[in-house]
1. Determine the pairs where a residue that is at pLDDT 85 or above, located within the stretch 293-314, has a partner that is surrounded by fewer than 16 Cβ atoms within 10 Å (Cβ to Cβ) and part of a loop (DSSP other than H, G, I, E, B) with Cβ atoms under 7 Å apart, the partner being 6 or more residues away or on another chain.
2. Given the criterion part of a loop (DSSP other than H, G, I, E, B), under 32 Å from the mean Cα position of the chain (by Cα) and aliphatic (A, V, I, L, M), identify the matching residue among V202, V157.
3. Look through A89, A137 and report the one residue that is surrounded by 19 or more Cβ atoms within 10 Å (Cβ to Cβ) and farther than 17 Å from L280 by Cβ.
4. Residue check: is L80 surrounded by 15 or more Cβ atoms within 10 Å (Cβ to Cβ) and either of a type in the set (V, I, T) or touching a residue at least 40 places away in the same chain (Cβ under 8 Å) (or both)?
5. Please specify each residue of the stretch 261-285 satisfying the condition of being crowded, with 17+ Cβ neighbours inside 10 Å, outside any loop (DSSP other than H, G, I, E, B) and either of a type in the set (D, E, K, R) or modelled with pLDDT of 95 or more (or both).
6. From the list E288, E250, which residue is under 16 Å from the mean Cα position of the chain (by Cα), surrounded by 14 or more Cβ atoms within 10 Å (Cβ to Cβ) and modelled with pLDDT of 90 or more?
7. Which of the residues belonging to the stretch 160-193 are touching a residue at least 60 places away in the same chain (Cβ under 8 Å) and in a loop (DSSP other than H, G, I, E, B)?
8. So how many residues does the stretch 294-309 have that are farther than 21 Å from E250 by Cα and crowded, with 17+ Cβ neighbours inside 10 Å?
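The values are calculated or read from the model by the stated rules, or taken from the named source; none is laboratory data. Since the model is a prediction, treat every value here as computed from it, not as a measurement. Note: ideal-geometry Cβ built from the backbone for every residue, glycine included; neighbour counts use all protein chains shown.
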Amino acid sequence: VCFSNLNSCPSSDLTSEGPEDRAPAPAPALPGEDSGDKAKPSSSKDRFPGQSVYHIKWIKWKAENTPVITQNENGPCPLLAIMNVLLLARKIKLPPMMEIITAEQLMEYLGDYILDAKPKEITDAQRLNYEQNMSDAMAILHKLQTGLDVNVKFTGVRVFEYTPECIVFDLLDIALYHGWLVDPQNADIAKAVGMCSYNQLVEKIIFCKQSENSELVSEAFVAEQFLNSTATQLTYHGLCELMSGVQEGELCVFFRNNHFSTMTKHKDQLYLLVTDQGFLTEEKVVWESLHNVDGDCNFCDSEFHLRPPSDPEAGYKGQQDQIDQDYLMALSLQQEQQSQDMSWEQIPEGISDLELAKKLQEEEDRRASQFYQEQEQAASAQTQQGQQSQAAAAATTTGRQPGSSERKQRKEPREKEKDKCILL
């Protein structure tokens, strides 16, 4: 069974139930749990010992409350990426206001969807092929909780070495992308990498390094340099290909650094769904932009409006600013110490104690002079600022001079004080 068999029977040409015709799969009851409580899971992880529990974030997506499964650990978990695609596409629905869900429940929902999405009006050959693919997908469905054997090729954003695990994406009609591409304009790198997958390229590097053929050794080092320089597993050529390959509004899965993310395209810009549990209560942080290879991103709300994270992230930014200031201070002190060390190294050998004392005194005088100059400049700046403030204050007054009666009243207290003086 291969991808081409599925492609001969695209889902758009088949009659299947739409999301409005398919009732949402019920949350399966766990052992010892009454079926009436299955739609009201506890928020406590202790209720599900030994099970992976995921918190659900409800967002306003296309005018409807839509659940998003969040992740509490930065693991591969392609199950979440696939489920979030189906949830955003409303092909799977969860009970309203559900707060947590287990991995087993997610698997039940996904399995029910695969069974319900079976095409109806197809030929016998297509039906047999679909059933075989569905059987293969069900056999590896449990791997979605941990990770899939995905091996990228560097020639296209949708080119992967075929593994049985990949059949899941084709069966669900969900596109899987990556952006780790070789720029064909770099002839040396393109030749060294060729049509290899990642695993094949690693084996080639090891083999060619041991070869006596200098050309093969050179190719090995070129390929190794490519892997090292693109450790983020995303190149600008790959980013450009993603921009042109992903369709507007498409919901798909993006693979990078052994992590699977839900991705979409909105107004010619790529976005990744924010599933970090740390943003569970951040209503305005739903998507993050994918516009460079360095990982810098902009957070957006569900309507792709730029939104900075609220207090938690602001606090983090303040901490980061303090770290940056501390780093700059340490760097300044280090440079000053290096400057002092260099000044000592510049002292010629064989110099007498008197000459050394003179040089040290000159250096000390220079530093003192510089210090006093800085103090004078600071004092001058403060004086000038004070004069400007006084001038501004004077400009705001009415300009009326005190009259003779006022001056007389001001002098009277002093005259009274003089009258009280007694000469001895």
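1. V293/T232; F299/P308; L306/N298
2. The conditions single out V157.
3. Details: A89 fails: surrounded by 19 or more Cβ atoms within 10 Å (Cβ to Cβ).
Answer to the check: A137.
4. Details: surrounded by 15 or more Cβ atoms within 10 Å (Cβ to Cβ): yes; either of a type in the set (V, I, T) or touching a residue at least 40 places away in the same chain (Cβ under 8 Å) (or both): yes.
Yes; evaluated as a whole, the condition is true for this residue.
5. S261, T262, M263, T264, K265, L270, Y271, L272, L273
6. Values: E250 fails: under 16 Å from the mean Cα position of the chain (by Cα).
Going through E288, E250 in turn, just one is under 16 Å from the mean Cα position of the chain (by Cα), surrounded by 14 or more Cβ atoms within 10 Å (Cβ to Cβ) and modelled with pLDDT of 90 or more: E288.
7. Across the stretch 160-193, the qualifying residues are Y162, L172, D173, I174, A175, H178, W180, L181.
8. First, pick out the residues of the stretch 294-309 that are farther than 21 Å from E250 by Cα: 294-296, 307-309.
Applying the additional criterion that residues be crowded, with 17+ Cβ neighbours inside 10 Å yields 307, 309.
Looking only at that region, the number is 2.
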